[in-house]
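A.B. asks: Take this structure first; my questions come after.
The values are calculated or read from the model by the stated rules, or taken from the named source; none is laboratory data. Remember, it's a predicted structure, so these values are computed and weren't measured experimentally. Here the Cβ positions follow ideal geometry from the backbone for every residue, glycine too, while neighbour counts run over all protein chains shown. These accessible areas exclude ligands, DNA and RNA; they are computed on the full protein's heavy atoms, side chains included. Shrake-Rupley method; radii C 1.70, N 1.55, O 1.52, S 1.80 Å.
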Amino acid sequence: MTDISYHNHSRFSDGADSVDAMVQAAKAAGLAEFGLSDHWVFAPFRNPEAKTWSMAQEQLDKYVQEVCQARQKYCDDSFQLRLGIEVDFFPENAAQVVAALGDQPFDYIIGAVHYVDRFAVDHSAETWAPFTQAQVDDIWRQYWQRIRGLARSGLYDIVAHLDLPKKFAFYPSVELRDEEDAALAAIREADMIIEINTAGLDKPCDEPYPSLSLLQRARALDIPVIVSADAHRCANVKRNFPAAYELMARAGYDPDIRWHFKQRRREAGRNA
Ligand SMILES: [Zn+2]
Ligand SMILES: [Zn+2]
């Protein structure tokens, strides 16, 4: 089985384990390709909490260096290591935040929306609980507008966890199909790829990101898909992968297609 996972975190952001430990775990789990994608979060508002889960600007060189060193150490004919990063999209400063990455040799850049205005959608159920249903609906609506903006910016290669606000099982009460479809159309237009992020299965929403319905619509638009564990610790580097392949097949994708990223170019291959 050619298993690949590009969306994963180390201690450089909010992961529990070192780059080396994560890479060793990926190799031991039998992944054919693994990538680190630590958080790069620079909000256009005062955001002291980001310190606890984003890489600091001055850590970037060290992060790149450690991943490149691990590549020398662990890569062989049956294992490849890729250098990625997960960048938060804010409409106010998206281009500057990506420009601050300089000319580091990233294999891919994952674009993510974790914030709607100043609200972190994936922080905790307690932060969602006080909202009225109308406010929940509004967060979802704005979230989809942001995903559309992320795609239209043309700055990223992969869209992270497409329907992340469902994490704590707070769902919209209104039909947001137009907003969702506009976001998907923008992703198609930008020739981006989406991920089936298997972390969602371990959260209150109890299913991968995105839902089957979104995935079916992505399939209809021919948006390519990859599977990612979004691991924040060694034990999770290959979590729930069979469920992701099954979901791919149910949505009409060929579950044996594998997309490979290198130096921000992607190429399709097949499961071997
Ligand atoms: Zn994320
Ligand atoms: Zn992540």
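A.B. asks: So, in region 69-86, how many residues would count as being surrounded by 14 or more Cβ atoms within 10 Å (Cβ to Cβ), out of contact with any Ser or Thr (no Cβ under 7 Å at 6 or more places or on another chain) and not polar (S, T, N, Q)?
C.D. replies: Residues that pass the stated criteria total 8.
A.B. asks: Let me ask something else about it. What tally of residues in region 248-270 results from selecting those that are on the phi > 0 side of the Ramachandran plot and open to solvent by less than 40 Å² (accessible area, probe 1.4 Å)?
C.D. replies: 0
A.B. asks: Which residues, counting only those in region 166-184, are open to solvent by less than 10 Å² (accessible area, probe 1.4 Å) and either under 14 Å from I223 (Cβ atoms) or within 16 Å of ligand 2 (Cβ to nearest atom) (or both)? Steps first, please.
C.D. replies: So in region 166-184, the residues open to solvent by less than 10 Å² (accessible area, probe 1.4 Å) come out as 166, 176, 183-184.
Those that are open to solvent by less than 10 Å² (accessible area, probe 1.4 Å) and either under 14 Å from I223 (Cβ atoms) or within 16 Å of ligand 2 (Cβ to nearest atom) (or both): K166, A183, L184.
A.B. asks: Okay, next question. Would region 210-226 turn up any residue that is of a type in the set (V, I, T), away from ligand 1 (no atom under 16 Å from the Cβ) and free of Cβ contacts under 8 Å to residues at least 60 places away in the same chain?
C.D. replies: yes
Residue by residue, here is whether (1) of a type in the set (A, V, I, L, M, F, W, C); (2) surrounded by fewer than 20 Cβ atoms within 10 Å (Cβ to Cβ); (3) under 15 Å from R82 (Cα atoms) holds:
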residue: H7; (1), (2), (3): no, no, yes
residue: A26; (1), (2), (3): yes, no, yes
residue: G30; (1), (2), (3): no, yes, no
residue: F45; (1), (2), (3): yes, yes, no
residue: T52; (1), (2), (3): no, yes, no
residue: V64; (1), (2), (3): yes, yes, yes
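A.B. asks: Considering region 107-130 alone, what residues qualify as being within 16 Å of ligand 2 (Cβ to nearest atom), within 14 Å of F90 (Cβ to Cβ) and among the β-branched types (V, I, T)?
C.D. replies: V113, V121
A.B. asks: For region 140-151, state whether one or more residues are away from ligand 2 (no atom under 16 Å from the Cβ), under 22 Å from Y171 (Cβ atoms), open to solvent by 70 Å² or more (accessible area, probe 1.4 Å) and within 18 Å of the chain's Cα centre (by Cα).
C.D. replies: Within region 140-151, one or more residues are away from ligand 2 (no atom under 16 Å from the Cβ), under 22 Å from Y171 (Cβ atoms), open to solvent by 70 Å² or more (accessible area, probe 1.4 Å) and within 18 Å of the chain's Cα centre (by Cα).
A.B. asks: Among the residues of region 122-142, are any touching a strand residue (DSSP E or B) at 6+ places or on another chain (Cβ under 6 Å) and modelled with pLDDT of 95 or more? Steps first, please.
C.D. replies: Taking region 122-142 as the starting set, the residues that turn out to be touching a strand residue (DSSP E or B) at 6+ places or on another chain (Cβ under 6 Å) are 139, 142.
Those left that are additionally modelled with pLDDT of 95 or more: 139, 142.
Yes; the residues of region 122-142 include at least one that is touching a strand residue (DSSP E or B) at 6+ places or on another chain (Cβ under 6 Å) and modelled with pLDDT of 95 or more.
A.B. asks: Of the residues A243, A235, A249, which is farther than 27 Å from L36 by Cβ, more than 16 Å from ligand 1 (Cβ to nearest atom) and not charged (D, E, K, R)? Spell out the reasoning first.
C.D. replies: Numbers: A243 fails: farther than 27 Å from L36 by Cβ; A235 fails: farther than 27 Å from L36 by Cβ.
Step by step, each of A243, A235, A249 is checked, and only A249 is farther than 27 Å from L36 by Cβ, more than 16 Å from ligand 1 (Cβ to nearest atom) and not charged (D, E, K, R).
A.B. asks: Moving on. Run down D157, D191, D163 and say which single residue is open to solvent by less than 10 Å² (accessible area, probe 1.4 Å) and under 26 Å from A95 (Cβ atoms).
C.D. replies: Result: D163 is the single residue among D157, D191, D163 that is open to solvent by less than 10 Å² (accessible area, probe 1.4 Å) and under 26 Å from A95 (Cβ atoms).
A.B. asks: Might you check whether a residue that is under 26 Å from D20 (Cβ atoms) and hydroxyl-bearing (S, T, Y) occurs anywhere in region 244-258?
C.D. replies: No: zero hits.
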